[in-house]
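What follows is one structure encoded as structure tokens, with my remarks underneath.
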Amino acid sequence: MTSLIHARGLIKRFGDFTAVDGIDVDVQRGEAFGFLGPNGAGKSSTMRMIGCVSPPSEGVLEILGLDPRRDGPRIRAKLGVCPQLDNLDIELTVRENLTTYARFFGIARKEARRRADELLDFVQLTERADSKVEPLSGGMKRRLTIARAMVNQPEMVLLDEPTTGLDPQARHLVWERLFRLKQQGVTLVLTTHYMDEAEQLCDRLVVMDGGRIVAEGSPRSLIERYSTREVVELRFNTDDQAAYADKLAGIGDRLEVLPDRILLYVEDGDGAADEVNRRSLSPAGVLVRRSSLEDVFLHLTGRTLVD
Amino acid sequence: MVTLVMPRLLSFEGTGRRAASVTERNISTLRSAYWVVMVSGFLEPVLYLFSIGVGVGALIGDITLPGGDVVGYAEFVAPAMLAASAMTGALAETTFNFFGKMKFVRLYEGILATPVRPIEIALGELAWAMARGVIYSAAFVVIMTLMGLTTWTRALIMLPATLLVGLAFGALGMAVTTIIRSWQDFDLIAAGQFALFLFSGTFVPPTAYPEVVRWLIEVTPLYRSVDLIRALSTGTTGWLQLLDVAYLLALMALGLTVAGRRMAKQLTK
């Protein structure tokens, strides 16, 4: 089986700046694949190359088995793209945004209308079909953009930060729709800097930092490999959390000092919290939780994802 | 009904079909308020024709064309107004509106994620600008003919000529728009456009100016357009009009090439 995305040593430069610095990626049909990383990690540049709207500077890139440099229009005909910033057509209505977009793919008018109605129903916007785009909420606009990305029945959907800037309720609605697509067997490729998004949606992901891939695997396997089972978050009433680091020595596998708290990486969170109390360090706050991708990222790069 | 049958009769795949989908998008944006824009664009050349062609013309009397034919002043001015309105119509759509779509509403970014390519957007926008320009031109030639400034047969031949003028200026406008950076630069375009309008043999034959100025006028695109349409309108065509046609075709090809390349460069970094 050929990969839908096949990249080897892929590089993107803008003048002197290298946005993507030699990455290898393979995405299989039916997968939900994620690029996880902070802003500026090179995720969007990678997505634009995959979407065939930005030529690679160097390296191998094959999309759907075709060469983006030569077969751009043929590849784009089979992709759905949901960009980071909505670029809906503000001069058209909600429904027209879908029917007009379908025409760019050469879909007949009647079929375009049929698909538009079906997709509006799918993203729960049927009642707003004749409204202009402007008055829609952020979540509605994003759902409309996702519907627009589906209008050509794509083999693969690219979603760049699909829920950035949405309130929690709107995010869950988007996730739920994306999960539905995934169940239908649509290949999803998304970028995100939200841990929970990556954990909820991705079968497999790569962690990017500074234009490079620093780790790859399923969310669970990444956590197992790069973190411990549980984490104890300690907050001390001081401006200098680091001063407590020495006093915590020996508890758990390792610790991370952040400006506002200390993270203890341990197998048994409650046991570790008891040990902290035995040493009478009296932290102002103690939180025991399971490890997440945030911890993986912190371990790999020494930085938090969302600043 | 026509739109439903057309695609099946004309199998136009690839570039033509994709460019047409961009034109179609613009047609979808048409709202009832658009007629205000249409009326103002149509009125401008008509007002010039009556105020200067007929009004000032009464003081001037007749004018001798380069070939020796003598025509009334209104007959002299009317075809120039037609050429100028074809220019204005094409530039309105391909400068101001095109710039907004390129830089601010991110419209093309969405379109380029589909199989449509930058040059096809340029072609589609140009076709759209022409649709608007042709309506102005058709209305204007009807007025010219009713005023007895030309004949119905000549009016029919003038229409495709105005289309050519529109295509050349539309392509030029797009090329210039991909180069300019801010809304302020449109003042420069407007100034240049007005200078062309005043001096391209529109109200005064270029022979009335000193030799150097005359040459300068004769190489401008609007002069070549005026020359072509005036010859058709007064029935005084000759070999020189083939030069006009070649000039305008070359301008169109150049403009489209530049616009397509620069759009690709700016939108697909």
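The values are calculated or read from the model by the stated rules, or taken from the named source; none is laboratory data. Computed from a prediction, not measured in an experiment: that's the story for all the values here. When we count neighbours, we look across all protein chains shown, and the Cβ atoms used for this are built from the backbone with ideal geometry, even at glycine.
Within the range B:85-125, track down each residue that is of a type outside the set (A, V, I, L, M, F, W, C), within 12 Å of another protein chain (Cβ to nearest Cβ) and closer than 14 Å to B:Gly170 by Cα.
Result: B:Asn97, B:Gly124.
Inside the range A:116-138, can you point out the residues that are within 14 Å of chain B (Cβ to nearest Cβ), within 27 Å of the chain's Cα centre (by Cα) and outside any loop (DSSP other than H, G, I, E, B)?
A:Ala116
Which of the residues belonging to the range A:141-187 are over 19 Å from A:Glu118 (Cβ atoms), outside any loop (DSSP other than H, G, I, E, B) and of a type in the set (A, V, I, L, M, F, W, C)?
A:Met156, A:Leu158, A:Leu159, A:Ala170, A:Trp175, listed by residue number.
Quick check on A:Arg114: is it of a type outside the set (Gly, Ala, Ser), closer than 21 Å to A:Gln184 by Cα and surrounded by fewer than 19 Cβ atoms within 10 Å (Cβ to Cβ)?
Judged against the criteria, A:Arg114 is a match.
Give the residues of the range A:1-59 that are assigned to a strand (DSSP E or B), under 24 Å from A:Gln200 (Cβ atoms) and of a type in the set (D, E, K, R), sorted by residue number.
A:Asp26
Kindly indicate which of B:Phe76, B:Phe140 is in contact with a strand residue (DSSP E or B) (Cβ under 8 Å, 6 or more places away or on another chain) and crowded, with 19+ Cβ neighbours inside 10 Å.
B:Phe76
Looking for whichever is surrounded by fewer than 24 Cβ atoms within 10 Å (Cβ to Cβ) and part of a helix (DSSP H, G or I) here; the options are B:Ala175, B:Ala122, B:Ala168, B:Ala161. Which one fits?
After ruling out the rest, the residue left standing is B:Ala175.
(1) modelled with pLDDT under 95; (2) over 26 Å from A:Arg115 (Cα atoms); (3) not hydroxyl-bearing (Ser, Thr, Tyr): which one isn't true of A:Gly72, the others all being true?
Exception for A:Gly72: condition (2).
Read through the list (1) of a type in the set (A, V, I, L, M); (2) without any contact (Cβ under 8 Å) to a residue 12 or more places away in the chain; (3) outside any helix (DSSP H, G or I), then give the number of the only condition that B:Leu149 fails.
Of the numbered conditions (1) of a type in the set (A, V, I, L, M); (2) without any contact (Cβ under 8 Å) to a residue 12 or more places away in the chain; (3) outside any helix (DSSP H, G or I), the odd one out for B:Leu149 is (2).
Does A:Arg148 qualify as being within 14 Å of chain B (Cβ to nearest Cβ), among the charged types (D, E, K, R) and touching a residue at least 60 places away in the same chain (Cβ under 8 Å)?
Yes: the conditions hold for A:Arg148.
Residues that are away from every other protein chain (no Cβ under 14 Å) and of a type in the set (Lys, Arg): does the range A:48-57 have at least one?
no
Yes/no per residue for (1) surrounded by fewer than 20 Cβ atoms within 10 Å (Cβ to Cβ); (2) farther than 30 Å from A:Ile5 by Cβ:
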{"residue": "A:Gly185", "(1), (2)": "yes, no"}
{"residue": "A:Thr192", "(1), (2)": "no, no"}
{"residue": "A:Gly217", "(1), (2)": "yes, no"}
{"residue": "A:Arg235", "(1), (2)": "yes, yes"}
{"residue": "A:Ala243", "(1), (2)": "yes, yes"}
{"residue": "A:Asp246", "(1), (2)": "yes, yes"}
{"residue": "A:Gly252", "(1), (2)": "no, yes"}
{"residue": "A:Gly285", "(1), (2)": "yes, yes"}
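Are any residues in the range A:89-111 surrounded by 19 or more Cβ atoms within 10 Å (Cβ to Cβ), more than 7 Å from every other protein chain (Cβ to nearest Cβ) and not in a helix (DSSP H, G or I), and if so, which ones?
Residue satisfying the conditions is A:Ile107 alone.
Which residues, counting only those in the range A:63-81, are part of a strand (DSSP E or B) and facing chain B (nearest Cβ under 9 Å)?
A:Leu79, A:Gly80, A:Val81 - these are the residues of the range A:63-81 that are part of a strand (DSSP E or B) and facing chain B (nearest Cβ under 9 Å).
In this structure, is B:Ala129 modelled with pLDDT under 90, in a helix (DSSP H, G or I) and under 15 Å from the mean Cα position of the chain (by Cα)?
In short, yes.
For A:Gly40, all conditions in the list (1) surrounded by fewer than 18 Cβ atoms within 10 Å (Cβ to Cβ); (2) closer than 17 Å to A:Met208 by Cα; (3) modelled with pLDDT of 95 or more hold save one; what is the number of the exception?
(3)
Please verify whether B:Lys265 is within 14 Å of chain A (Cβ to nearest Cβ), closer than 30 Å to A:Cys52 by Cα and either among the β-branched types (Val, Ile, Thr) or part of a helix (DSSP H, G or I) (or both), treating the condition exactly as stated.
Yes, satisfied.
Looking for whichever is surrounded by 15 or more Cβ atoms within 10 Å (Cβ to Cβ), on the phi < 0 side of the Ramachandran plot and not in a helix (DSSP H, G or I) here; the options are B:Ile52, B:Ile63. Which one fits?
Checking each option against the conditions leaves just B:Ile63.
Being surrounded by fewer than 19 Cβ atoms within 10 Å (Cβ to Cβ) and free of Cβ contacts under 8 Å to residues at least 60 places away in the same chain is true for just one of A:Leu61, A:Leu10, A:Leu85. Which residue is that?
Just one listed residue meets the conditions, A:Leu85.
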